[in-house]
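To start, the structure under review is shown below, and the notes come after it.
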Amino acid sequence: MKLSTFKKGLHAEDYKYFSQDKAIETLPLPDDVYIPLQQHIGAPCEVIVAKGDKVKTGQIIANTDAFVAAPIHSTVTGVVKDIQKYYHPLGMRATMIHIKREAEDEWVKLDKIDDWKWAKKEDVIKVIRQAGIVGLGGATFPTHVKLSPPDDKTIDSFILNGVECEPYLTSDDRMMIEQTDKILEGMAIMMHILDVKRGYIGIENNKPEAIAQMKKRVVELGYPFKVVPLKVKYPQGAEKMLIYSVLKRNVPANKLPMDVGVVVNNVGTALAVQQAIIDQKPLVERVVTVTGDGVNEPKNLMARIGTPFANLFEACNGVKDEVHKIFMGGPMMGMTQYHLESPVVKGSSGIVAVTGDLIEEISQFPCIRCGACVDVCPMSLMPLRLSKFSQAREVDKLEDFGAMSCIECGSCSFICPAHIPIVQWIKVGKVRVREAAAKKAKETK
Amino acid sequence: MTDTKKSPEEVKATPVAPEKEVKKVEEKPPVKPKPDPRRRLFKSDRMTIVAPAPHNKGRHSVPRIMYTVIAALIPAVVMALLFFGTQAMVTIMVAIFAAIVAEYACNRIMKTGLTIDDGSAILTGLLLALTLPPTFPIWATALGAVVAIVFGKQVFGGLGGNIFNPALLGRAFLQASFPVQITTWTAPQFGQLDAVTGATPLAAFFSGNGETPFVDLLFGNVGGCIGETSALAILIPGIVLLFMRYADWRIPVSYLGTVFVFSGILFWIDPVAYPHPVFMLLSGGLLLGAFFMATDMVSSPVTPKGTWIYGIGMGIVLVLIRVWGGLPEGVMYSILFMNGLVPLLNRWTRPKYFGEIQQDTRK
């Protein structure tokens, strides 16, 4: 059978074997957690606790009235020790709440929904917001926003994203194998809220166990979902690519999936929704893959948000001394870590430590116009020209050639035989386009 | 063009722990500091790299592409040695050597750092030699290689900047400068070389001597340039290159396909005046040109659509030159002509980016 997929893209060695067979383990509760105030796309939260306050697990410690935002919860029971700037995994110093754990968990539960099938949809969405759920695939877009589309948009399909196309990461894979029923229920809840009848579960073919398990349970539990095995290709997990792979729909540039009637959510998000509605548990923990050839015992860990990365590495029996790079997320789009006290945030799907030479080739050869980047770009852009335009600060041409629809997947930099940092230049170019637009707006005022 | 450039990310290998904390440890030894996270994990003062994604790389590199193409040309070189003997070998060696020297001189003069090791100069020299007749004067071969490197490549700023295929530009120069020597062919003598002149199959056909048998064309028992005698020795490694993706499959397919169809139509109209399409494909330097020169990454288009136009254009120009032009062979000019159009093709055939078509694909 021919598996469906999207156009272009590339095959990269997936390195999933490090942690693919490791069952999810729960990390012991950390003594200190550092919880950043912004762990989602949208408005930042404001602190509503003070230094010295006692907090319980699941208590909201930062919140905002903005719609595109999600509240932040305490993830342990203890006392607020400090509110100050710490190392954020996204590469800056950001304000975080430092909580010292003093006791075992004492839960603050969410509002109870008796039966989600008959409850008011607004109430269910309210609980999902209250639970602080964001897209756990890495983009961290608040889920309640996705679940409340404007009235003029009709949603007819729901896709559960179990693709996990990034090499190394296996957290979604393990979740699908171990928490199948909960994920399916979470998906059913979200589809009920959106009033969508057609549900698809997209899983790449390198996760045969997850596909088999999902297929089996969907039939046994009688859900009307369709499990869609997909050909292994990067970046299939990107929303637009996945929608094309599963439904063959093109999301127009600068538009959202809901413009073509689709909502995509990650399996981790589905699990979090289920736990919020059924178990009344807010989002305080997530599965983090700790892997790479630099880790002594790669594992999939259920870790509290705010746990320092060092704790996770310790649970994996430490790292090898030859580690040269540590990054959060997959190797294609992940952020390099410069401090091991950086905490796990809602978007941390994995931490990878790799060994190798310390010196990295950044660019050794001039572009030979081989066109490899044009062949792999999933958005059908011309990365070689975009990077040249970016270097030359040609903002108009960047826009003409569609730089703003670049999804920054990194395929072009990966494939480039001249080792040119193409995607990095395009990122710079996008900033330049935005700056120019802001400047223009200022001038016209 | 450049040697290893160090970007700021690379130089800025940041320590895992900030310096501040380390200092504190030194100043106040009695106060037990918070355990350094680095000490918790690393035995030594390990530094890690901070760099933007992606953190893994494909296995391709420019030298790898160049040397693979050179390796793919070895069968053609071996066949040339078998049929034309030592003089072919001398020509090849001289061309490569002159190309390397020219590259080195340009590197020194332009102060760009050495670029000999990327293999592109060797490839240019080799390709040039393969397009020359075996009896070509050695000093002229060297001159051609120097012109190919200096005027074909380095004046444009080195590898990646040139518009035309350097080897073919060098050959065009030689063709203009030494029209007699470059069309003096020797009949192949297995294992040795004596100066018996013989016509190339194409020249023979167009002067009315009929078609050379296909078997001779396939195995190379024909007169001609060093590298264009045996069709098989070019075809098989060429197809391997296509599968390795080191040459764009669209180029040979569209180029050879156009030649076959166009000359097939002519042959169907008048089988006596026009050559058989298979003869057109196998004779002359067409296969060498289609698999190794037209596919030169620098001087071919990057967009799929542009590549098709490029190949079809070359095919049409080639047949026009061969059948109605004054020259028996037109591969070189067909490629150079379309090379000149490549910048325009790249501009005209920009692929539509994902979602650019604002149409509703909902079913």
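Read-outs throughout are calculated quantities, based only on the coordinates presented, and are distinct from any laboratory measurement. A quick note: this is a predicted structure, and the numbers were derived from the prediction, not measured. A quick note on method: Cβ atoms are made from the backbone with ideal geometry, for glycine too, and the neighbour counts reach across all protein chains shown.
In peptide A:414-421, how many Cβ atoms from other protein chains are near each Cβ within 10 Å, on average?
Partner-chain Cβ atoms within 10 Å, mean over residues of A:414-421: 6.
Across segment B:141-156, in residue order, what do the Karplus-derived ³J(HN,Hα) couplings come to in whole Hz, using 6.51 cos²θ - 1.76 cosθ + 1.60 with θ = phi - 60° and x for Gly and Pro?
Values per residue, Gly and Pro as x: 4, 4, 4, x, 5, 5, 4, 4, 6, 6, 8, x, 10, 5, 5, 8 Hz.
Count, for each residue of B:293-306, the Cβ atoms from other chains sitting within 10 Å of its Cβ, then give me the mean as a whole number.
3
Which of B:T184, B:T212, B:T48, A:T444 has the fewest other C-beta atoms within 10 Å, and how do the rest follow up to the most?
Fewest-to-most Cβ neighbours within 10 Å comes out as A:T444, B:T184, B:T212, B:T48.
Please work out, to two decimal places, the log10 of the ratio I(q)/I(0) at q = 0.07 Å⁻¹ from a Debye calculation in which every Cα of the protein assembly as shown carries one identical scatterer.
-0.64
Using only atoms on other chains, find how many Cβ atoms lie within 10 Å of each Cβ of peptide A:248-258 and report the average.
3
What is the gain in length, in nm to one decimal, between A:K248 and A:K231 on full extension, counting 0.36 nm per residue of separation less the C-alpha to C-alpha distance?
Residue separation times 0.36 nm, minus the Cα-Cα distance, leaves 4.7 nm.
With label points built 7 Å along Cα→Cβ from the Cα atoms of A:K216 and A:N296, find their separation and express it in nm.
If labels sit at A:K216 and A:N296, their model points lie 3.5 nm apart.
Can you figure out the FRET efficiency of A:Q84 with B:I116, using R₀ = 60 Å and their beta-carbon distance, to the nearest 0.05?
So the FRET efficiency works out to roughly 0.60.
For segment A:1-113, what's the relative contact order in percent, using C-alpha pairs closer than 8 Å and at least 6 residues apart?
With pairs under 8 Å counted, the relative contact order is 25 percent.
Can you work out the PRE-style zone for B:K352? Point 7 Å along Cα to Cβ, and I want the residues of segment A:224-244 with backbone N under 17 Å.
Counting only backbone N, you get A:244.
Let's see if you can work this out: charge +1 on each Lys and Arg Cβ, -1 on each Asp and Glu Cβ, no other charges. What is the dipole magnitude of segment A:195-235 about its Cα centre, in debye to the nearest 20?
120
Filter the cross-link list A:K299/A:K325; A:K207/A:K299; A:K153/B:K305; A:K226/B:K57; A:K146/A:K240; A:K56/A:K146 down to pairs whose alpha-carbon distance in this structure exceeds 26 Å.
A:K153/B:K305; A:K226/B:K57; A:K56/A:K146
Could you derive backbone 3J(HN,Hα) for segment A:399-404 from the dihedral phi with the Karplus parameters 6.51, -1.76 and 1.60 (θ = phi - 60°), listing whole Hz in sequence and x where the residue is Gly or Pro?
Once rounded to whole Hz, the list reads 5, 4, 8, x, 4, 6.
Which residues' amide hydrogens lie under 5 Å from the amide hydrogen of A:A62, considering only partners 5 or more residues apart or on another chain, with H built in the peptide plane?
A:I48, A:I72
Specify the inter-centroid distance of segment B:274-315 and segment A:256-287, based on alpha-carbon positions, in whole Å.
So the two Cα centres are separated by 54 Å.
Considering only C-alpha atoms, what is the centroid distance from segment A:174-230 to segment B:153-168, in Å?
55
Working from the pairwise distances between different alpha carbons, so that the mean of 1/r is found and then inverted, what is segment A:132-198's Kirkwood radius in Å?
13.3
May I ask you to derive the FRET efficiency for B:L320 and B:L232 from their Cβ-Cβ distance with R0 = 25 Å, giving the value to the nearest 0.05?
Once the sixth-power term is evaluated, E becomes 0.35.
Which of A:K216, A:K346, A:K22, A:K120 has the fewest other C-beta atoms within 10 Å, and how do the rest follow up to the most?
Going from sparsest to densest Cβ surroundings: A:K120, A:K216, A:K22, A:K346.
In terms of modelled amide H atoms, which long-range or inter-chain residues lie less than 5 Å from the amide H of A:M96?
Residues meeting the amide H criterion: A:Q84, A:K85, A:Y86.
For the residue pair B:S177 and A:I41, what label-to-label distance in nm results when each label sits 7 Å from Cα along the Cα-to-beta-carbon direction?
6.0
Would you give the gap between the C-alpha center of segment A:82-121 and the C-alpha center of segment A:1-71, rounded to a whole Å?
With segment A:82-121 and segment A:1-71 each reduced to a Cα centre, they are spaced 10 Å.
Would you mind calculating the gained length between A:T444 and A:K56 on full extension (0.36 nm times residue separation, minus the Cα-Cα distance), in nm to one decimal?
Taking 0.36 nm per residue and subtracting the Cα distance, the gain is 134.6 nm.
Give me the percent relative contact order of segment B:80-153, please, defined on Cα pairs under 8 angstrom at least 6 residues apart.
Contact order relative to length: 43 percent.
May I ask you to evaluate 6.51 cos²θ - 1.76 cosθ + 1.60, the Karplus curve with θ = phi - 60°, for each residue of segment A:412-429 and list the ³J(HN,Hα) values in order in whole Hz, giving x for glycine and proline?
5, 5, 5, 7, 4, x, 8, 6, 7, x, 5, 5, 5, 5, 5, 4, 4, x
Name the long-range amide H neighbours of A:V134: under 5 Å, sequence gap of 5 or more, or other chain; modelled H, no Pro or chain starts.
For A:V134, whose amide H was placed from the backbone, the distant partners under 5 Å are A:T143.
Please work out how much length the chain gains when fully extended from A:A437 to A:A103, using 0.36 nm per residue of separation minus the C-alpha to C-alpha distance, in nm with one decimal.
The A:A437-A:A103 span can extend by a further 115.1 nm.
Let me check against my output: what whole-number percent is the relative contact order of chain A, with C-alpha pairs under 8 Å and at least 6 apart?
Relative contact order of chain A: 19 percent.
From the cross-link list A:K2/A:K197; A:K109/A:K346; A:K2/A:K121; A:K248/A:K281, which pairs have alpha carbons spaced over 29 Å apart?
Beyond 29 Å: A:K2/A:K121; A:K248/A:K281.
Suppose R0 equals 60 Å. What FRET efficiency, 1/(1 + (r/R0)^6) with r the Cβ-Cβ distance, do A:I48 and B:A105 give to the nearest 0.05?
Efficiency at R0 = 60 Å is approximately 0.25.
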